[in-house]
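Below is one structure; the comments refer to it alone.
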2 protein chains.
Amino acid sequence: MDNLKKKNLKKKLSIVDLAKQLNISPTTISFILNGKAQEKRISSELVERVLKQIEEVGYKPNALAQSLRTGKTMIIGLMVENIANPFFANIARLIEEKAYKNGYKIIYCSTDNDSAKTKDLLRIFQDRHVDGYIISPPEGIEKEVDGLIDNGSPVVLFDRYLHDTKADFIVVDNAGSTYEAVNHLVKNGYKNIAFITLDSLQTQMQDRLKGYEKALNEHALSHHVKEISYYQEEENIIRHIVAFLERKPELDAVLFGTNYLGVSGLKAIKKLNKRVPEDLAVISFDDHTLFELHSPDITAISQPIEEISEKLITILLGRLNKTSKAKKTQSAVLAPELIVRGSSRKIKA
Amino acid sequence: MDNLKKKNLKKKLSIVDLAKQLNISPTTISFILNGKAQEKRISSELVERVLKQIEEVGYKPNALAQSLRTGKTMIIGLMVENIANPFFANIARLIEEKAYKNGYKIIYCSTDNDSAKTKDLLRIFQDRHVDGYIISPPEGIEKEVDGLIDNGSPVVLFDRYLHDTKADFIVVDNAGSTYEAVNHLVKNGYKNIAFITLDSLQTQMQDRLKGYEKALNEHALSHHVKEISYYQEEENIIRHIVAFLERKPELDAVLFGTNYLGVSGLKAIKKLNKRVPEDLAVISFDDHTLFELHSPDITAISQPIEEISEKLITILLGRLNKTSKAKKTQSAVLAPELIVRGSSRKIKA
DNA sequence: GTGAAAGCGCTAACAC
DNA sequence: GTGTTAGCGCTTTCAC
């Protein structure tokens, strides 16, 4: 009866309680628990006895107290632009998995590309003493990021990076892959190629724009760039795309700068009753379930999500484990893959 | 020079440091910080002075120490089946937002519907002393959930619930909405309606099955149920669906039990070169960007994501704020909406 | 009105 | 090899 009750009640017992039960000092238990039994030459019988008792009474160290003492929380702060975006959700998923495997937990949040919100969020993460950060940063948080690093918290950026920052980063070859995509369109006979992108100075968007422009210049084709503001409802985005496409009847192909622009773009194209690719060829940056199943299926610049996540966590864990803080900025530029599908196929002229 | 350095260094200063600077006791500062200035009748000038100093030196209380002392972490543990599933990602997004607005942060993870993994994860959340839980639970964690509640941590389940548990839950009317969807198909002239679902005993899947069967029974139509195991690659799922559809050429409609089954199903249907809805009408549980843009667009049972998130966080915050632990289980059953699209339209017989 | 002091549970330098 | 003890930074009871 009493035993049963005890089990349910789960009186949180501390290392001191445990020490009393065993008639030894908390220190010894602490040493054993932290793998210092050998080093401190604690008798293996004692170790045995302690471990057994721990098992028996279900003792679990208070992580909060540990963190307060050691300064390490084993928590990684993950800030993505928007967790509802499949690209970020998939990255988050993979990072989470790899982090857990290494004993780290994830606290996450969506920044909405809002630097004020992001600063608040960074503050909160700092308050909670997260050990390291993985961030797809909005513009304007350079100072805060460097502040974190100065305080000894490693930061790895992804999807885009920040100029003049000490933070590590993992990005993809945005310029090169966009360049390749446009060349693919040109090779298939398209000449009036638009680029519908975000009105954003973030590096990834700027690089995609550069790739687009470089390709067009090389082929002496005229530019058709439409920049759309990030901060609006999808309906509005669609409206803008519709207006742009209507204004430019000469277009025969369009490249979308992000997956959600691609999705909105397809909705716009549907509204206009344009046939893909006969009236308008389509390529989108980022792949999306939708692109595979759409009729026709949509050519996409697919990012190596698995590789990105792997590198991110590897770099971060490296920083977390090593004491050498002096190491230089690490970075990697990964190669996306152009997945050619029906929406950009050659049409008989 | 020295000032600059100080700013960058951000020597974490404690409440004691602050007290020394002000020549008062830490207690007073603590009272002021915790809104007890009135109660303790601390002179408003002192309050002013303290606040100003805090501002000036950028003092921030150590949340870890606070948590250790108070036992509250202001962190909510969110466990979803899979953050890469848009349904869960969207819910997570909304919950996160609402939580932050109330001063709570989210630690999240994906359970993969794996009860062993989930138990581990619960353990980790417990270790970190999260204040409350929002969970889309796999089967088999009833005991653990009740354990949490017994220990005073509120738990709200969603998407499905657990029998014989004290936990609150928010679900949708799975049986009713599936019933309605099948009736819609029947009304549009379909007679051989399959239900492709998960091989799962979770309540939501069972209820969807019941709704399907009830409708068929009322119309004296024969059942065609295909249960697919959750734990496999998408390729395999597609293969199973293909095989099922090939084995049952008499089918003229199919209802998918989840959004990813719907997506895989569409891929299977594409492989089989079946026309939708001429050869096979399609409805899927859960809406998905894809369903809107697919040709034809896909009829879906859309869950009220915003409302679900709102209720979840409201119930949890209610529990967190109130001291009355004795309150009975709270639950709500929300109504999904059948969004009728082209994939289930009436075809001329 | 304000302060001293006792912990929350843990780690680790130091002592023996 | 093992124990004593001083904090980590905060809240809160009790005293004045």
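The values are calculated or read from the model by the stated rules, or taken from the named source; none is laboratory data. Computed from a predicted structure; not experimentally measured. Positions of Cβ are generated from backbone atoms using ideal geometry, with glycine treated the same way; all protein chains shown enter the neighbour counts.
Can you tell which of A:LYS166, A:LYS210 is at negative phi, surrounded by fewer than 20 Cβ atoms within 10 Å (Cβ to Cβ) and assigned by TED's automatic domain parsing to the domain that holds A:LEU320?
A:LYS166
Kindly indicate whether any position in segment B:49-56 is under 27 Å from A:THR73 (Cα atoms), near DNA strand D (Cβ under 7 Å from one of its atoms) and not basic (Lys, Arg).
No: segment B:49-56 contains no residue that is under 27 Å from A:THR73 (Cα atoms), near DNA strand D (Cβ under 7 Å from one of its atoms) and not basic (Lys, Arg).
Every residue in segment A:50-90 that is more than 7 Å from chain B (Cβ to nearest Cβ) and of a type in the set (Val, Ile, Thr), please.
A:VAL50, A:ILE54, A:VAL57, A:THR70, A:THR73, A:ILE75, A:ILE76, A:VAL80
Restricting attention to segment A:28-39, which residues are without any contact (Cβ under 8 Å) to a residue 12 or more places away in the chain and either more than 10 Å from DNA strand D (Cβ to nearest atom) or in a loop (DSSP other than H, G, I, E, B) (or both)?
Taking segment A:28-39 and keeping what is without any contact (Cβ under 8 Å) to a residue 12 or more places away in the chain, we get A:31, A:34-39.
Passing the criteria: A:ASN34, A:GLY35, A:LYS36, A:ALA37, A:GLN38, A:GLU39.
For every residue, the table says whether it meets (1) more than 8 Å from DNA strand C (Cβ to nearest atom); (2) at pLDDT 90 or above; (3) within 30 Å of A:ALA63 (Cβ to Cβ).
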site: B:LEU4; (1), (2), (3): yes, no, no
site: B:LYS7; (1), (2), (3): yes, no, no
site: B:LYS11; (1), (2), (3): yes, no, yes
site: B:PHE31; (1), (2), (3): no, yes, yes
site: B:GLY35; (1), (2), (3): yes, no, yes
site: B:GLU39; (1), (2), (3): yes, no, no
site: B:GLY58; (1), (2), (3): yes, no, yes
site: B:SER67; (1), (2), (3): yes, yes, yes
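Any residue in segment A:123-146 that's facing chain B (nearest Cβ under 10 Å) and surrounded by fewer than 21 Cβ atoms within 10 Å (Cβ to Cβ): show its pairings with residues that are acidic (Asp, Glu) and part of a loop (DSSP other than H, G, I, E, B) at Cβ separation under 9 Å, as long as the two are six or more apart or on different chains.
Sorted first by the residue in segment A:123-146, then by its partner, the pairs are A:ASP146/A:ASP164.
Could you look through segment A:283-295, keep only residues that are assigned to a loop (DSSP other than H, G, I, E, B) and within 12 Å of another protein chain (Cβ to nearest Cβ), and pick out the one that is farthest from A:VAL156 (Cα to Cα)?
Result: A:SER295.
Return the residues of segment A:67-102 that are within 16 Å of DNA strand D (Cβ to nearest atom), surrounded by fewer than 20 Cβ atoms within 10 Å (Cβ to Cβ) and either at negative phi or aromatic (Phe, Trp, Tyr) (or both); say none if nothing qualifies.
Once the filter is applied, which keeps residues that are within 16 Å of DNA strand D (Cβ to nearest atom), surrounded by fewer than 20 Cβ atoms within 10 Å (Cβ to Cβ) and either at negative phi or aromatic (Phe, Trp, Tyr) (or both), segment A:67-102 yields A:LEU68, A:ARG69, A:THR70, A:LYS72.
Hey, can you tell me all the residues within segment B:183-196 that are in contact with a strand residue (DSSP E or B) (Cβ under 6 Å, 6 or more places away or on another chain) and among the β-branched types (Val, Ile, Thr)?
Answer for segment B:183-196, where residues must be in contact with a strand residue (DSSP E or B) (Cβ under 6 Å, 6 or more places away or on another chain) and among the β-branched types (Val, Ile, Thr): B:ILE193, B:ILE196.
Does segment B:12-24 include one or more residues that are away from DNA strand D (no atom under 12 Å from the Cβ) and not in a helix (DSSP H, G or I)?
yes
Restricting to segment A:62-85, what's the tally of residues that are over 22 Å from A:VAL263 (Cβ atoms), assigned to a loop (DSSP other than H, G, I, E, B) and in contact with a strand residue (DSSP E or B) (Cβ under 9 Å, 6 or more places away or on another chain)? Give the derivation first.
Within segment A:62-85, the first condition is being over 22 Å from A:VAL263 (Cβ atoms), and the residues that meet it are A:62-79.
Those still in the list that are assigned to a loop (DSSP other than H, G, I, E, B) too: A:62, A:71-74.
Within this subset, residues satisfying the condition of being in contact with a strand residue (DSSP E or B) (Cβ under 9 Å, 6 or more places away or on another chain) are A:73-74.
Number of matching residues: 2.
Among B:GLU250, B:GLU337, which is surrounded by fewer than 16 Cβ atoms within 10 Å (Cβ to Cβ), over 24 Å from A:LYS267 (Cβ atoms) and out of contact with any Cys (no Cβ under 8 Å at 6 or more places or on another chain)?
B:GLU250
Take the residues of segment B:229-282 that are farther than 22 Å from B:GLY189 by Cα, in contact with a strand residue (DSSP E or B) (Cβ under 6 Å, 6 or more places away or on another chain) and not in a helix (DSSP H, G or I): which is farthest from the other protein chains (Cβ to nearest Cβ)?
Among those that are farther than 22 Å from B:GLY189 by Cα, in contact with a strand residue (DSSP E or B) (Cβ under 6 Å, 6 or more places away or on another chain) and not in a helix (DSSP H, G or I), it is B:TYR230.
Here are the criteria: (1) in contact (Cβ under 8 Å) with a residue 40 or more places away in the chain; (2) under 30 Å from the mean Cα position of the chain (by Cα). Tell me which single one A:ASN236 does not satisfy.
All conditions pass for A:ASN236, except number (1).
Suppose the filter is under 16 Å from A:VAL80 (Cα atoms) and more than 9 Å from chain B (Cβ to nearest Cβ); does A:GLY103 pass it?
No; evaluated as a whole, the condition is false for this residue.
Kindly indicate which of B:ILE313, B:ILE305, B:ILE298 is away from chain A (no Cβ under 14 Å), touching a Leu at 6+ places or on another chain (Cβ under 9 Å), touching a residue at least 24 places away in the same chain (Cβ under 8 Å) and among the aliphatic types (A, V, I, L, M). It would help to see each step written out before you state the result.
Details: B:ILE305 fails: away from chain A (no Cβ under 14 Å); B:ILE298 fails: away from chain A (no Cβ under 14 Å).
Within the list B:ILE313, B:ILE305, B:ILE298, the selection yields B:ILE313.
Being of a type in the set (A, V, I, L, M) and touching a Phe, Trp or Tyr at 6+ places or on another chain (Cβ under 9 Å) is the filter here; which residues of segment A:185-218 pass it?
Those that are of a type in the set (A, V, I, L, M) and touching a Phe, Trp or Tyr at 6+ places or on another chain (Cβ under 9 Å): A:ILE193, A:ALA194, A:ILE196, A:LEU198, A:LEU209, A:ALA215, A:LEU216.
Could you grab me the full set of residues in segment B:172-194 that are farther than 23 Å from B:GLU278 by Cβ and either surrounded by fewer than 20 Cβ atoms within 10 Å (Cβ to Cβ) or within 21 Å of the chain's Cα centre (by Cα) (or both)?
B:VAL172, B:ASP173, B:ASN174, B:ALA175, B:GLY176, B:SER177, B:THR178, B:GLU180
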